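Accompanying notes for the structure given below.
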Amino acid sequence: DTAVSQTPKYLVTQMGNDKSIKCEQNLGHDTMYWYKQDSKKFLKIMFSYNNKELIINETVPNRFSPKSPDKAHLNLHINSLELGDSAVYFCASSPRRAGSNEQFFGPGTRLTVL
Amino acid sequence: GNSVTQMEGPVTLSEEAFLTINCTYTATGYPSLFWYVQYPGEGLQLLLKATKADDKGSNKGFEATYRKETTSFHLEKGSVQVSDSAVYFCALSDSTDKLIFGTGTRLQVFP
């Protein structure tokens, strides 16, 4: 009965490879997000989608491409991985009701680029 | 632009001590304010929230009051436990609905 799930939990790969992280939510929310947490625990939004449409793109390199096949899924594909991409990536979802934007986070995917 | 500033950590306390973690924000309009907690090796969990001025959010003994006049949302708990050891993030939700986080404050509670 996991609300927001991500796979894989850990991802170790070589520089230059292409990898994907998957996210699914079973909360019936319309909006989903990707956040990046760096080694100092700083969290920053990367993208958000509402009903499969991109609504926020926070000047992320175009090597990162989100894909939303339906409103319950938001996957993150990363091309030509670089050392600086090593981080924990969190998916989140929100009902985006007026007056409240409580977001529910997945467990995170720790990406290590060697 | 909108931003959140939190006190530097780590905060180190003995069990049953009083906790305050300061958080101030800069925002246009009327953001919603949140405290999230991240336990070791886990994702973020919403701890409490407040959506308008003078609202008090509370959960698990933690409290925070939305103070528009001082643009603050300080987190407090009267008696901390070892199990409260975690990283605490203050955040605001702006008009675009994205969350803007502070840098996080690590809390370490010793028995």
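The values are calculated or read from the model by the stated rules, or taken from the named source; none is laboratory data. Bear in mind that the values here come from a model prediction, so they are computed numbers and not experimental data. Cβ: placed from backbone, ideal geometry, glycine included. Neighbour counts: every protein chain shown. Note: areas computed on protein heavy atoms with side chains; ligands, DNA, RNA excluded. Shrake-Rupley method; radii C 1.70, N 1.55, O 1.52, S 1.80 Å.
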- Extension gain from A:Met15 to A:Ala3, taking 0.36 nm per residue of separation minus the Cα-Cα distance: 1.1 nm
- Task: In whole Hz, with x marking every Gly and Pro, tabulate ³J(HN,Hα) for region A:25-40 from phi via Karplus 6.51 cos²θ - 1.76 cosθ + 1.60, θ = phi - 60°.
- Result: 10, 10, 9, x, 6, 8, 10, 10, 9, 10, 10, 10, 10, 7, 5, 9
- Message: Heavy atoms of the protein only, probe of 1.4 Å, neighbouring chains included. What is the accessible area of A:Ile45 in Å², nearest 10?
- Response: 10 Å²
- Of the trypsin sites (Lys or Arg not before Pro) in region B:1-109, which ones lie in a loop per DSSP and count no more than 14 other C-beta atoms within 10 Å? B:Lys52, B:Lys60, B:Lys68
- Query: Using the Cα atoms of region B:1-64 to build a convex hull, what is its mean projected area in square nanometres?
  - Reply: 5.5 nm²
- Message: I want the local charge near A:Leu43. Using Cβ-Cβ distances under 13 Å, sum +1 for each Lys or Arg and -1 for each Asp or Glu among the other residues.
- Response: +3
- Once the mean of 1/r over all distinct C-alpha pairs in chain A is inverted, the Kirkwood radius in Å reads 14.1 Å
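Of A:Lys71/B:Lys56; A:Lys67/B:Lys77; A:Lys22/B:Lys49; A:Lys40/A:Lys67; A:Lys41/B:Lys77, which pairs sit farther than 30 Å apart, going by alpha carbon to alpha carbon?
Listed pairs above 30 Å: A:Lys71/B:Lys56; A:Lys67/B:Lys77.
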- Item | Mean separation of Cα contacts under 8 Å, 6 or more apart, over the residue count of region A:12-85: relative contact order % | 40 percent
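Taking Cα pairs under 8 Å and at least six residues apart, what relative contact order does chain B come out at, in percent?
Numbers: 294 pairs, mean separation 40.6, N = 111.
This gives 37 percent for chain B.
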- Item | Rounded to whole Hz, the Karplus (6.51, -1.76, 1.60) HN-Hα couplings of region B:21-36, x for glycine and proline | 10, 7, 9, 10, 9, 10, 7, 8, x, 10, x, 8, 10, 9, 10, 10
- Item | Accessible area buried between chains A and B, both sides summed, probe 1.4 Å, in Å² to nearest 100 | 1700 Å²
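Per residue, how many Å² of accessible area does chain B show with a 1.4 Å probe?
Value returned for chain B: 46 Å² of accessible area per residue.
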- Looking only at other chains, what is the average number of their beta-carbon atoms within 10 angstrom of each beta-carbon in B:95-105? 6
- Item | Solution diffusion estimate, µm²/s, Stokes-Einstein, chain B, Kirkwood Rh from C-alpha pairs, 4 °C, viscosity 1.567 mPa s | 93 µm²/s
- Taking every residue of A:44-53, the Cβ atoms of other protein chains inside 10 Å of its Cβ average out to 2
- Message: Rounded to the nearest percent, how much of the accessible area of chain B (1.4 Å probe, protein heavy atoms only) is carbon and sulfur?
- Response: 48 percent
- Query: Projected onto the charge dipole of region A:1-65 (+1 at Lys/Arg Cβ, -1 at Asp/Glu Cβ, origin at the Cα centre), which of A:Gly16, A:Gln6, A:Phe64 gives the Cα projection farthest towards the positive end?
  - Reply: A:Gly16
- So what's the gap between the Cα centers of region B:1-23 and region B:39-111, to the nearest angstrom? 9 Å
- Report, largest value first, the span of the C-alpha coordinates of the protein assembly as shown along each principal axis, in whole Å. 48, 39, 36
- Across region A:62-114, how large is the tail of the calculated P(r) beyond 17 Å, expressed as a percent of all Cα pairs? 49 percent
